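Student: Would you mind keeping the following structure in view while I ask a few things?
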Protein chains: 2
Amino acid sequence: MRLIAFGDSFVLGQGDPDHLGWVGRAVRERPEITLYNLGIRGETSADIARRWRAEAGPRLRPGESGLLFSFGANDCAVEGGAPRVGAAQTLLHARAMLTEAGKLGPVLLVGPPPMPDPGICARLETLNEHLKTLAGRIQAPFIDVFRPLFADGLWNREAEAIDGAHPGSGGYQRMAELVMAHPAWRTFTGGI
Amino acid sequence: MRLIAFGDSFVLGQGDPDHLGWVGRAVRERPEITLYNLGIRGETSADIARRWRAEAGPRLRPGESGLLFSFGANDCAVEGGAPRVGAAQTLLHARAMLTEAGKLGPVLLVGPPPMPDPGICARLETLNEHLKTLAGRIQAPFIDVFRPLFADGLWNREAEAIDGAHPGSGGYQRMAELVMAHPAWRTFTGGI
């Protein structure tokens with residue numbers, strides 16, 4: 001299958017010395033999967049909504065491609081006293097992308113990981129719940145990584161020690177394992 | 001630095017069970033490099049010429065981004081009795097992309113690796129020499145991997161054993177080592 005992954009620096013795997021990130025780690029030893037990692041540093045759901053269709057175009061083979069989305073941290077980051085993208089707007093983007101992408105192939109929404117900054121982290125927790133509810137309503141598969149990564153603590157410990165936002169190989173590996181263990185991942189990557 | 005890599009399935013690392021390819025392997029243990037791998041399976045220089053600018057846009061930070069290009073195998077593949085893209089046309093695309101990209105940041109052209117198919121391989125050998133000459137003429141850095149990979153033999157042995165075109169981790173690692181050992185790579189990845 002061709003896995004086309006859209007998102008932010010966490011999807012890209014920013015800071016992972018192995019340059020795999022959680023997406024690359026989740027497809028390790030599966031050379032039958034072609035991974036197109038289209039995460040971009042600093043992008044909000046609005047940025048991704050603007051470009052995902054054009055970039056999916058040349059990479060998509062109908063019947064053998066799946067589209068993965070994961071975002072939220074940059075939406076929740078504060079700029080000029082307000083979140084860069086408000087939660088209602090993020091949900092609108094998520095709904096539009098999942099609905100449109102669902103016409104092209106299987107989709108998967110992976111919720112945002114936590115962040116060390118308490119303010120952003122609190123907004124991420126709420127956004128994660130909203131995204132889960134939305135996904136349920138439009139019947140899009142959703143994987144919740146926020147709660148287990150937050151409870152586990154390794155993700156935020158690494159992020160704090162590195163650049164305040166991105167973990168190292170340990171955090172990304174933990175997130176990959178959570179994703180791989182989820183039935184939605186097996187359906188998404190095995191059923192195409 | 002932000003390394004934006006445009007190319008075909010070899011740039012993407014198709015078939016590498018580690019999902020790194022030669023580009024990912026060449027930046028291993030260098031987390032200060034953000035890698036945007038924009039290789040796409042099956043693409044010719046004409047396909048890349050059409051999309052590189054739009055995809056570079058949201059990833060580029062002036063003053064801290066380098067643009068890498070590598071292509072040729074799909075140009076040399078035969079379709080309906082003729083190469084998909086003739087050598088003269090490939091050179092036009094290469095010149096246009098390197099010239100335009102050079103206005104945005106440092107560029108690097110990496111020549112195509114060999115292929116097991118003797119006909120394609122012979123055309124690739126000629127194209128590689130043409131690309132090298134062009135690069136010299138427009139003063140773009142060029143790394144020749146064709147000759148050492150062909151002489152070494154591992155690349156083609158792995159490709160033959162796997163799918164007739166793409167090597168496994170050994171071939172990609174060999175190519176990464178050739179690239180990393182080249183002064184142009186050190187300038188490209190160290191000087192930004």
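Student: Tell me, which helices (runs of 4 or more DSSP H) lie completely within the stretch B:104-192 with 2 or more residues that are within 17 Å of residue B:11 (Cβ to Cβ), touching a helix residue (DSSP H, G or I) at 6+ places or on another chain (Cβ under 7 Å) and open to solvent by 20 Å² or more (accessible area, probe 1.4 Å)?
Tutor: Counting at least 2 such residues, we get B:169-180.
Student: Go through (1) open to solvent by 10 Å² or more (accessible area, probe 1.4 Å); (2) touching a Ser or Thr at 6+ places or on another chain (Cβ under 6 Å) one by one and return the number of the condition residue A:79 breaks.
Tutor: Residue A:79 satisfies all of (1) open to solvent by 10 Å² or more (accessible area, probe 1.4 Å); (2) touching a Ser or Thr at 6+ places or on another chain (Cβ under 6 Å) except (2).
Student: Go through the stretch B:33-46 and report how many residues are more than 7 Å from chain A (Cβ to nearest Cβ) and open to solvent by 20 Å² or more (accessible area, probe 1.4 Å).
Tutor: Of the residues in the stretch B:33-46, 2 are more than 7 Å from chain A (Cβ to nearest Cβ) and open to solvent by 20 Å² or more (accessible area, probe 1.4 Å).
Student: Looking only at the stretch B:77-90, how many residues end up being part of a helix (DSSP H, G or I) and β-branched (Val, Ile, Thr)?
Tutor: Total satisfying the criteria: 1.
Student: Let me ask something additional. Do we find a residue being open to solvent by 20 Å² or more (accessible area, probe 1.4 Å), more than 14 Å from chain B (Cβ to nearest Cβ) and part of a loop (DSSP other than H, G, I, E, B) anywhere in the stretch A:91-100?
Tutor: no
Student: Out of contact with any Cys (no Cβ under 6 Å at 6 or more places or on another chain) and either more than 9 Å from chain B (Cβ to nearest Cβ) or over 24 Å from residue A:190 (Cβ atoms) (or both), is that true of residue A:13?
Tutor: Considered against the rule, which asks whether it is out of contact with any Cys (no Cβ under 6 Å at 6 or more places or on another chain) and either more than 9 Å from chain B (Cβ to nearest Cβ) or over 24 Å from residue A:190 (Cβ atoms) (or both), residue A:13 comes out as no.
Student: Quickly run through the stretch B:20-32 and pick out the residues that are more than 8 Å from every other protein chain (Cβ to nearest Cβ), at pLDDT 95 or above and surrounded by fewer than 24 Cβ atoms within 10 Å (Cβ to Cβ).
Tutor: The one that is more than 8 Å from every other protein chain (Cβ to nearest Cβ), at pLDDT 95 or above and surrounded by fewer than 24 Cβ atoms within 10 Å (Cβ to Cβ): B:25.
Student: Against the definition (under 26 Å from residue A:177 (Cα atoms), touching a residue at least 40 places away in the same chain (Cβ under 8 Å) and either touching a His at 6+ places or on another chain (Cβ under 6 Å) or not acidic (Asp, Glu) (or both)), how does residue A:73 come out, yes or no?
Tutor: Judged against the criteria, residue A:73 is a match.
Student: On to the next question. Which condition number in (1) within 14 Å of another protein chain (Cβ to nearest Cβ); (2) more than 21 Å from residue A:139 (Cβ to Cβ); (3) crowded, with 23+ Cβ neighbours inside 10 Å is the one that residue A:71 fails?
Tutor: The failed condition is (2).
Student: On the given criteria, is residue A:4 open to solvent by less than 10 Å² (accessible area, probe 1.4 Å), among the β-branched types (Val, Ile, Thr) and at the interface with chain B (Cβ under 9 Å from one of its Cβ atoms)?
Tutor: Here the answer is no, as residue A:4 does not meet what is asked.
Student: Select, from B:86, B:66, the only residue that is more than 14 Å from every other protein chain (Cβ to nearest Cβ), of a type outside the set (S, T, N, Q) and in contact (Cβ under 8 Å) with a residue 60 or more places away in the chain.
Tutor: Among B:86, B:66, only B:66 is more than 14 Å from every other protein chain (Cβ to nearest Cβ), of a type outside the set (S, T, N, Q) and in contact (Cβ under 8 Å) with a residue 60 or more places away in the chain.
Student: Counting only residues that are closer than 18 Å to residue B:135 by Cα and either more than 14 Å from the chain's Cα centre (by Cα) or more than 11 Å from chain A (Cβ to nearest Cβ) (or both), how many does the stretch B:47-63 have?
Tutor: Count: 1.
Student: Among the numbered criteria (1) under 16 Å from residue B:22 (Cβ atoms); (2) in contact (Cβ under 8 Å) with a residue 24 or more places away in the chain, which one does residue B:170 miss?
Tutor: Here residue B:170 meets the rest and fails (2).
The values are calculated or read from the model by the stated rules, or taken from the named source; none is laboratory data. Computed from a predicted model, the values in this text were never measured in an experiment. Please note: Cβ atoms are built from the backbone with ideal geometry, for glycine as well, and neighbour counts cover all protein chains shown. Just the protein is used for accessible areas: all its heavy atoms, side chains included, with ligands, DNA and RNA removed. Shrake-Rupley method; radii C 1.70, N 1.55, O 1.52, S 1.80 Å.
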